[in-house]
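Visitor: What follows is a single structure, and I will ask about it in a moment.
The values are calculated or read from the model by the stated rules, or taken from the named source; none is laboratory data. All of these numbers come straight from a predicted model, not from anything done at the bench. Cβ: placed from backbone, ideal geometry, glycine included. Neighbour counts: every protein chain shown. Protein only, heavy atoms only, side chains kept; ligands, DNA and RNA dropped before computing areas. Shrake-Rupley method; radii C 1.70, N 1.55, O 1.52, S 1.80 Å.
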Amino acid sequence: KGGAEANPPPPSMRVCIGKVFDGPKEVRERENSGISASITKLGGAVAAGVGKRTEVLLTSEKDVEARTTKVLKAVALSKPIVPLKWLDASSAAKRFLPFDAYALSPP
(Lines give C-alpha, C1' and ligand atoms only; values in the text may rest on other atoms or scores of the structure.)
Protein backbone atom coordinates (compact mmCIF):
# COMPACT_ATOMS: atom_id res chain seq x y z
CA LYS A 1 0.00 0.00 0.00
CA GLY A 2 2.91 2.37 0.72
CA GLY A 3 0.77 4.92 2.55
CA ALA A 4 -1.13 5.87 -0.58
CA GLU A 5 -4.77 6.67 -0.12
CA ALA A 6 -7.15 4.41 -2.05
CA ASN A 7 -9.16 7.41 -3.29
CA PRO A 8 -6.83 10.41 -3.54
CA PRO A 9 -8.51 13.82 -3.57
CA PRO A 10 -9.36 15.19 -7.01
CA PRO A 11 -7.06 17.98 -8.24
CA SER A 12 -10.02 20.34 -8.68
CA MET A 13 -11.94 19.64 -5.51
CA ARG A 14 -14.64 21.71 -3.83
CA VAL A 15 -13.73 22.71 -0.27
CA CYS A 16 -16.21 24.10 2.25
CA ILE A 17 -14.65 26.41 4.84
CA GLY A 18 -16.06 26.13 8.35
CA LYS A 19 -15.19 28.28 11.35
CA VAL A 20 -11.40 28.00 11.15
CA PHE A 21 -10.70 31.08 13.30
CA ASP A 22 -12.29 32.69 16.33
CA GLY A 23 -12.38 36.41 16.81
CA PRO A 24 -14.05 39.43 15.28
CA LYS A 25 -15.95 38.94 12.03
CA GLU A 26 -13.55 41.24 10.13
CA VAL A 27 -10.55 39.10 11.16
CA ARG A 28 -12.31 35.86 10.22
CA GLU A 29 -13.31 37.27 6.82
CA ARG A 30 -9.74 38.41 6.10
CA GLU A 31 -8.32 35.01 7.12
CA ASN A 32 -10.96 33.14 5.09
CA SER A 33 -10.03 35.26 2.08
CA GLY A 34 -6.44 33.97 2.36
CA ILE A 35 -7.69 30.40 2.75
CA SER A 36 -9.89 30.79 -0.33
CA ALA A 37 -6.90 32.08 -2.31
CA SER A 38 -4.83 29.04 -1.24
CA ILE A 39 -7.59 26.65 -2.32
CA THR A 40 -7.94 28.40 -5.68
CA LYS A 41 -4.16 28.43 -6.22
CA LEU A 42 -4.17 24.64 -5.84
CA GLY A 43 -6.88 24.38 -8.51
CA GLY A 44 -9.83 23.91 -6.16
CA ALA A 45 -12.99 25.86 -5.54
CA VAL A 46 -14.65 27.10 -2.38
CA ALA A 47 -18.10 25.65 -1.74
CA ALA A 48 -20.68 27.79 0.04
CA GLY A 49 -21.83 24.82 2.09
CA VAL A 50 -21.42 21.11 2.59
CA GLY A 51 -23.26 19.20 -0.12
CA LYS A 52 -23.05 16.17 -2.37
CA ARG A 53 -20.49 17.88 -4.63
CA THR A 54 -18.29 19.08 -1.74
CA GLU A 55 -15.25 16.86 -1.23
CA VAL A 56 -14.07 18.11 2.17
CA LEU A 57 -14.88 20.42 5.11
CA LEU A 58 -11.96 22.54 6.29
CA THR A 59 -12.57 23.67 9.87
CA SER A 60 -11.15 23.80 13.40
CA GLU A 61 -11.11 21.13 16.10
CA LYS A 62 -13.20 23.51 18.20
CA ASP A 63 -15.83 23.63 15.42
CA VAL A 64 -15.88 19.82 15.30
CA GLU A 65 -16.29 19.60 19.08
CA ALA A 66 -19.17 22.10 18.89
CA ARG A 67 -20.82 19.87 16.26
CA THR A 68 -21.85 22.80 14.08
CA THR A 69 -24.35 22.46 11.26
CA LYS A 70 -21.57 22.14 8.66
CA VAL A 71 -19.84 19.44 10.73
CA LEU A 72 -23.05 17.46 11.21
CA LYS A 73 -23.83 17.70 7.50
CA ALA A 74 -20.31 16.55 6.59
CA VAL A 75 -20.71 13.57 8.91
CA ALA A 76 -24.14 12.75 7.47
CA LEU A 77 -22.73 12.86 3.92
CA SER A 78 -19.55 10.95 4.89
CA LYS A 79 -17.33 13.87 3.88
CA PRO A 80 -13.84 14.17 5.40
CA ILE A 81 -13.28 16.95 7.94
CA VAL A 82 -9.77 18.40 8.07
CA PRO A 83 -7.96 21.22 9.93
CA LEU A 84 -6.07 24.14 8.43
CA LYS A 85 -2.77 22.22 8.70
CA TRP A 86 -4.04 19.99 5.85
CA LEU A 87 -4.33 23.03 3.59
CA ASP A 88 -0.93 24.34 4.76
CA ALA A 89 0.70 20.99 3.95
CA SER A 90 -1.14 20.80 0.62
CA SER A 91 0.05 24.31 -0.26
CA ALA A 92 3.64 23.34 0.57
CA ALA A 93 3.29 20.23 -1.63
CA LYS A 94 1.61 22.30 -4.39
CA ARG A 95 -1.24 19.78 -4.62
CA PHE A 96 -4.13 18.59 -2.51
CA LEU A 97 -2.87 15.89 -0.15
CA PRO A 98 -4.85 12.84 1.00
CA PHE A 99 -7.12 13.53 3.96
CA ASP A 100 -6.33 10.41 6.03
CA ALA A 101 -3.40 11.77 8.05
CA TYR A 102 -5.30 14.98 8.90
CA ALA A 103 -8.92 13.87 9.41
CA LEU A 104 -10.78 15.21 12.44
CA SER A 105 -13.50 13.10 14.05
CA PRO A 106 -16.49 14.48 15.93
CA PRO A 107 -16.72 13.39 19.58
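Visitor: Give the calculated FRET efficiency between residue 66 and residue 95 to the nearest 0.05, with a Förster radius of 25 Å applied to their Cβ-Cβ distance.
Guide: Efficiency computed from Cβ-Cβ geometry: 0.25.
Visitor: Using the Karplus curve 6.51 cos²θ - 1.76 cosθ + 1.60 with θ = phi - 60°, work out ³J(HN,Hα) for each residue of region 46-61 in order, rounded to whole Hz, and write x for Gly and Pro.
Guide: Once θ is set to phi - 60°, the couplings for region 46-61 become 8, 8, 5, x, 7, x, 4, 8, 7, 8, 7, 9, 9, 7, 9, 4 Hz.
Visitor: Would you work out the relative contact order for the chain, in percent, from Cα pairs under 8 angstrom that are 6 or more residues apart?
Guide: RCO, the chain: 30 percent.
Visitor: Counting only heavy atoms of protein chains, what accessible area per residue, in Å², does the chain have with a probe of 1.4 Å?
Guide: 59 Å²
Visitor: Just list whichever of 19/94; 25/94; 41/94; 41/70 have alpha carbons separated by over 19 Å in the model shown.
Guide: 19/94; 25/94; 41/70
Visitor: Put a dot 7 Å past each Cα toward the Cβ at residue 78 and residue 21; how far apart are the dots in nm?
Guide: The answer from the label model is 3.5 nm.
Visitor: To continue, here is another question. For a quick check: with amide H placed at 1.01 Å from N, whose amide H comes under 5 Å from residue 104's, ignoring anything fewer than 5 positions away on the same chain?
Guide: 81, 82
Visitor: Further question: Would you please name the trypsin sites (Lys or Arg not before Pro) within region 44-107 that are DSSP coil residues with at most 10 other C-beta atoms within 10 Å of their C-beta?
Guide: Passing both the DSSP loop test and the Cβ count: 52, 53, 94.
Visitor: Can you list residues from other chains, or at least 5 along the same chain, whose modelled amide H is less than 5 Å from the amide H of residue 46?
Guide: Residues meeting the amide H criterion: 15.
Visitor: Mean residue ellipticity at 222 nm from the helices of the chain, using -39,500 (n - 2.57) per DSSP H segment of n ≥ 4 over the full residue count, to the nearest 500 deg cm²/dmol?
Guide: Value at 222 nm, helices only, nearest 500: -11500 deg cm²/dmol.
Visitor: With the full set of protein chains in place, find how many percent of the accessible area of the chain is carbon and sulfur; take the probe as 1.4 Å.
Guide: Result for the chain: 53 percent of the exposed heavy-atom area is carbon or sulfur.
Visitor: If R₀ is 22 angstrom, what is the calculated FRET efficiency for the pair residue 46 and residue 103, using the beta carbon separation as r and rounding to 0.05?
Guide: Once rounded, the FRET efficiency stands at 0.65.
Visitor: Output the DSSP H helices from the chain with an along-axis C-alpha extent of no less than 27 Å and a mean Kyte-Doolittle hydropathy no less than 0.5.
Guide: None clear 27 Å together with a mean of 0.5.
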